[in-house]
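Asks: I have a structure I would like to understand better, so I am pasting it below and will then ask my questions one at a time.
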Amino acid sequence: MKKYINKVNIILVILLLISSILLLLNLILDFQVPAEYNPGISENTTKSLQKGDKIEIITTSRISNLEALQLEMIPTEENANIDGMLEKEDGFVSIYDENDELIYYNDLSEIQVFDNHELYLKFDKIKDSNNKKYKIVIEINENLDHKLFKLTKTSQNSKLDKAIINEEKTKDDITVIQHGTTTTTFYRVVFMIIICILTFILFRYNFKNNENIKSFLLKKKKVFILEFILSLIASFSYLKVVYEHYFCGTFDVMMYGLFAFATLLIIAILGIFLGNKELKREDLFLLIAIPISTLFLTFILPLNVPDELYHYKIATKVSMFHFFNQDIMIPKNLHEFNLYSLFNTNISYQNLISEIAGGYHPILYIFSGFSIRLSKILQFNPIIGFYIGRCANLILYLIISYYAVKKIPMGKFLMIIYLLNPMFLQQATSYSADALTNISSMLFIAYVLYIKYDKKKVETKDFVTLLMGFMFVLVGKYAYFLLGLLFILIWKELKEYIKAHKKKVIIIVLLIAIIGLSWFIYTKIPKDQIIDTINYERPQSTESKLMHILKNPQNIIPIYLNTLLYNSNFYLITFLGGTLGALNIPISQIYTLIYAAILVLSIFVDKEKHELDKKSKIINIIIFILTFHIVLAGLYLGWGVITDPIIQGVQGRYFIPIVILLLLAMVRKKNINLKNIEIPMLIILLINNLLIIRDVIIHFLV
């Protein structure tokens, strides 16, 4: 015990206690600071005010203690002062609360005016006003042809304030700026950051060389299981705090305390292990990936990942063992989640609607489907069941990624950064088929290189792993079949194994082929449907479009060039996670650029034992180029129209399984000599992902 009592520890503990006390006082005493809420203006419209006009505006408070509302009225005459133009008999303004009780009344001539056109409606402070609705009523007693009321439309995401003019609703949202005070969330964050930093330093300082604690926690991966549980607790408790605070006007101290406690323990784990030179690369990956991935799992709302409803329905079908039946039942209103405020929606397995499920291979949904089944047996709420299914895919992502990082003989740090791509994380923590397809491609690529450069021979477990990995890639997206060219790199080792184990090879290949091809054959069996006849002038079906291209090959070249010219930036942004959710969550360009810079830098910072030979690099580049164009062609044949000037529907996330091939081709043995830069890079990446999640949270709040 004496070894822990020293000047540094005493100072750290005192600072930790002071920060904790300040945070606690902040929660209990409810300190307040001035606050303003402005939904944001996109464009303006104006309306001339006439005698008898009545304008009603409903505004929802986003401030804890509301004390003023601000809107705009402008004169026709340029530079005219509205203070001198409005008279007592012109009209008046009233404000009513949710119970229709009057909280403000004044003549237009008596209202305080800012900048000659902004009406400032000041009233007594309303406590606990957050998320409550207030009605502004403007009634005109005289003709005001020379005066205009200015309606300012809010931004697309701020659908809060509606106007009714003479009992007719306006089509546009209205900007009402809100003023008041709010609890000091900023200071809470500051104190929390201070506590986190001090906790990190405290544990890092004391356990840096304590091998007994490290070996105990790393034994059987106890530390990662603990970190995973703590991360889930921290994420979901903070989600509850966000919901309660912004949509119920309360602050759940117990849930916030749970979040803080779990977060501090995670920081302590990072403090003990981060920077440990003995820590293997795959362990380092788990250390960082667990807290980051659970945030993506939690804060991107259900069915808000591209096509997640489609994939959720297939997982539900699998959970019911209805592999060949397209009709399924899912909870009603589940697919309408687009705000955190909808968590109070009554959703249950007793209120179901009929849906048609898609035709992806059921094997991609075994784990998420089993989780849905388990949640039903345990009679969980469908929302909880939904998150459990996502969690199953997250666990798969962490386990398979661990082995991909472990096995790859070069570019280990590059692989870690690549696996922490925001778009990769979003897909991995969803019901999407990409969850298993993307990670299986990483394992397949890593394992091929592992056999070529490290193991140099193939055993049965290696053969099964390679074929299973390749099969999961193919059943996810047929377009990635050219990844099979990587088998050329280990053809010598494969031939030796096949010669020595012919019967075993036949059995393994047949079993995997049956699993993979049987569903492909089933989906190709003609069903009762209308078959499009081939029309060479405006073909619609895949077959007719293909025949049209073969007859007019000169038409496809300008389409490809136009597509690359106009969509290349979109492909890059959607690959890097510059837009998340269903491509409707804009992420700050700064955060996207930071991730891109870290990804590029990660190619050059690791000490490498190997680098790809010339033949392997050429194969990697060929696979990337051909697969890139196959993806474009696949979307064109599947969804495009012959007359389209560009190929629509392609997103950057479709290239996740193949971009890694290009990056690995850049890895060199002689890299930039940047010692101990990996840990700062990972810390920056961790903070960057936290900021990205902040953008996600803001999106689902408004």
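A short reminder: the numbers here are calculations on the coordinates, not readings from a lab. Everything quoted here is computed from the prediction, not taken from an experiment. Ideal geometry is used to build each Cβ from the backbone, glycine not excepted, and the neighbour counts take in all protein chains shown.
Asks: If you take the beta carbon distance between Ile366 and Ile622 as r and set R0 to 35 Å, what does 1/(1 + (r/R0)^6) give as a FRET efficiency, to the nearest 0.05?
Replies: Given R0 = 35 Å and the Cβ-Cβ separation, E is 0.60.
Asks: Could you give the length gained on full extension between Lys277 and Leu565, defined as 0.36 nm per residue of separation minus the Cα-Cα distance, in nm?
Replies: Between Lys277 and Leu565, full extension yields 99.1 nm more.
Asks: Here are some pairs, Lys545/Lys617; Lys221/Lys617; Lys461/Lys502; Lys240/Lys317; Lys277/Lys461; Lys477/Lys499; which of them have Cα atoms lying more than 26 Å apart in this structure?
Replies: Exceeds cut-off: Lys545/Lys617; Lys221/Lys617; Lys240/Lys317; Lys277/Lys461; Lys477/Lys499.
Asks: Just to check I understand the Karplus step: with θ = phi - 60° and J = 6.51 cos²θ - 1.76 cosθ + 1.60, what whole-Hz values come out for the stretch 279-290, glycine and proline as x?
Replies: Ordered by residue, 3J(HN,Hα) equals 6, 5, 4, 5, 5, 4, 4, 4, 4, 8, 5, 4 Hz.
Asks: To continue, here is another question. Can you sort Tyr636, Tyr340 so the residue with the fewest Cβ neighbours within 10 Å comes first?
Replies: Result, fewest neighbours first: Tyr340, Tyr636.
Asks: Give, as a single signed number, the net charge of other residues whose beta carbon lies under 12 Å from the beta carbon of Ile559, with Lys and Arg counted +1 and Asp and Glu -1.
Replies: Summing Lys/Arg as +1 and Asp/Glu as -1 gives 0.
Asks: So if each residue of separation counts as 0.36 nm, and I subtract the Cα-Cα distance between Lys614 and Ile353, what length gain in nm does that give?
Replies: In short, 88.3 nm is gained.
Asks: Testing the spin-label approximation: label points 7 Å from Cα along Cα→Cβ at Ile18 and Val190. State their distance in nm.
Replies: Spacing of the two 7 Å Cα→Cβ label points: 1.4 nm.
Asks: Which order results if Phe424, Phe261 are arranged by neighbouring Cβ count within 10 Å, fewest first?
Replies: Listed from fewest to most nearby Cβ atoms, that is Phe261, Phe424.
Asks: Among Phe273, Phe604, which comes first, second and so on when ranked by fewest other beta-carbon atoms within 10 Å?
Replies: Phe604, Phe273
Asks: Could you tell me whether the stretch 370-423 comes out rounded, prolate or oblate from its Cα gyration tensor? Rule is a ≥ b ≥ c as square roots of the eigenvalues, rounded for a/c under 1.5, then prolate if a/b exceeds b/c, otherwise oblate.
Replies: Prolate.
Asks: Between Ile498 and Asn212, what is the FRET efficiency for a Förster distance of 56 Å, r being their Cβ-Cβ separation, to the nearest 0.05?
Replies: It comes out at approximately 0.70.
Asks: Rounded to the nearest 0.05, what FRET efficiency do Lys455 and Ile698 have when you use their Cβ-Cβ distance and R0 = 51 Å?
Replies: With a Förster radius of 51 Å, E is 0.60.
Asks: Right, next: In nm, give the distance between the simple-model label positions of Asp100 and Ala582, each being 7 Å from the Cα along the Cα-to-Cβ direction.
Replies: Here the answer is 3.7 nm between the modelled labels.
Asks: Which value in nm describes the separation of the simple spin-label points at Asp107 and Lys219, placed 7 Å from the Cα toward the beta carbon?
Replies: Roughly 8.5 nm, to one decimal.
Asks: Which trypsin sites (Lys or Arg not before Pro) in the stretch 317-373 pass both tests, a DSSP loop state and at most 14 other beta-carbon atoms within 10 Å?
Replies: none
Asks: For Leu217, what is the net charge nearby, where nearby means another residue's Cβ is under 12 Å from its Cβ and Lys, Arg count +1, Asp, Glu -1?
Replies: Local charge sum for Leu217: +2.
Asks: Against the globular-protein guess of 2.2 N^0.38 Å, express the Cα radius of gyration of the stretch 270-407 as a ratio, rounded to two decimals.
Replies: Ratio of Cα Rg to 2.2 N^0.38 Å: 1.21.
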